[in-house]
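Accompanying notes for the structure given below.
The values are calculated or read from the model by the stated rules, or taken from the named source; none is laboratory data. Being a predicted model, the structure only gives us computed values, none of them experimental. Counting neighbours? That spans all protein chains shown, and the Cβs are built from the backbone with ideal geometry, glycine included. Side chains are part of the model used for accessible areas, which takes the heavy atoms of the whole protein and leaves out ligands, DNA and RNA. Shrake-Rupley method; radii C 1.70, N 1.55, O 1.52, S 1.80 Å.
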Amino acid sequence: MTAAAPAVAVDAGSRYLRVARADGDGPPYLVDLPGTVPGEGLPTPDRVRGDRAAALAAACAAYRAHCGPPGRLVAVVPHGEHPPPAAETGEPPPQLLGVPHAVLALLRHAGTPPLSPVLVCDLGGTGVSLARCLLTGGTWAVSGPPRHAPLPGGYGAAFDRALLDGAGLTADDPEVLRLLALARAESGRRTEVALDRMVARPDRAERLADTVVHEVAGREITAGVVHRAFARLTEGLDRVLADAGPDRTPVVAVGGAARSATLVRHLADRLGLPVPLPDGTDPALAPVFGAALVAAGRVDAADRYPHAVAVRVHRTVGGLPRDEELVISPPGTLARAGPPSSPRRAASGSGSGPRPPRAAPDARSSSWSGARAPAAASPRPP
């Protein structure tokens, strides 16, 4: 008997294409594809940067070439973004899952008590997004996040570019980015200690400015270079927070820049203590790991509308007219976007997908006439 193809999640970012699986009862993990940067993913090819659909197709092609076609595909996208379908992704068609829902699915699977409202702050390569999430009838309702890219190079990407520029290196070389990722993994703690001290005591920052914290491709990156680049991150984050005007609300920080404990503390000073990710999950991988759990059917996305959808119908019972509503879709069955793919469990965990409407006519003689009636939502989904 042939084993079923595994379910796969893809986060096609501006810097890395991350492909993850959550096989059996094990934890989610990055699929090790040829050319993968450890802990990051495949460097995003220049030809698809800025094109979400093309980047997704490139990630799917790399996975198929190495592992074969997936049994189910979930694609992580920024909240509210709907990239056009690309035939190059092949079958099955991807199910789109917003970053906030992916992150909250990861927390729910780990047993983190639900907090509502909660903010999901994505400190990514291209910008900052802040999504306010409310739990409504077992479904997470998400408001549209403001985004900010301080430079054409993005947010986290601009930070990396500033580091490499300070060392006389180019950020357009995939090998240099790979070496920078390895350097961070080896000396990240030393960098954070130096940066934390410089941020806490600006009057003494110059004393640590010449301290070497990274060595990339034979070039030294000093604490002073990191400190100057860090200002780009705090300024961009502060601008988003000022525009959004959030009160002190629990916040989940994800994205590559959220690896910086100093930046997360900066966020905490303004919003409150961040909600910890489960088991020390890498913040950059949290969205794709949550999506991998959804793809594997181990947790529900909780992204379905909590509303029922009905049409107004006219019914004749015993010769008398009667106005009624015929339920087309019960609460918790309609997803926000994209064509239906494989059935997903509803937020209640019932395991049922959208059910067809079913009417039970009165025992007495009756007739239905709803074909020309206008559709109505009870209430209409936002």
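Packing, taken as the mean count of other beta carbons within 10 Å per residue, orders the peptides 290-297, 234-241 from highest to lowest as 290-297, 234-241.
Would you mind working out the accessible area per residue for region 1-140, using a 1.4 Å probe, and quoting it in Å²?
Numbers: 5830 Å² over 140 residues.
On a per-residue basis, 42 Å².
Each of Asp46 and Glu220 was given a label point 7 Å from its Cα along the Cα-to-Cβ line. The distance between the two points is 3.1 nm. Using DSSP to call loops (not H, G, I, E or B), can you name the GluC sites (Glu not before Pro) in region 1-107 whose Cβ has at most 15 other Cβ atoms within 10 angstrom? Qualifying residues, ordered by number: Glu81.
Can you tell me how region 126-248 classifies by the Cα gyration tensor, rounded, prolate or oblate, using a/c under 1.5 as the rounded cut? Kindly include the intermediate steps, with their values, before the conclusion.
Details: a/c = 2.30, a/b = 1.73, b/c = 1.33.
Prolate.
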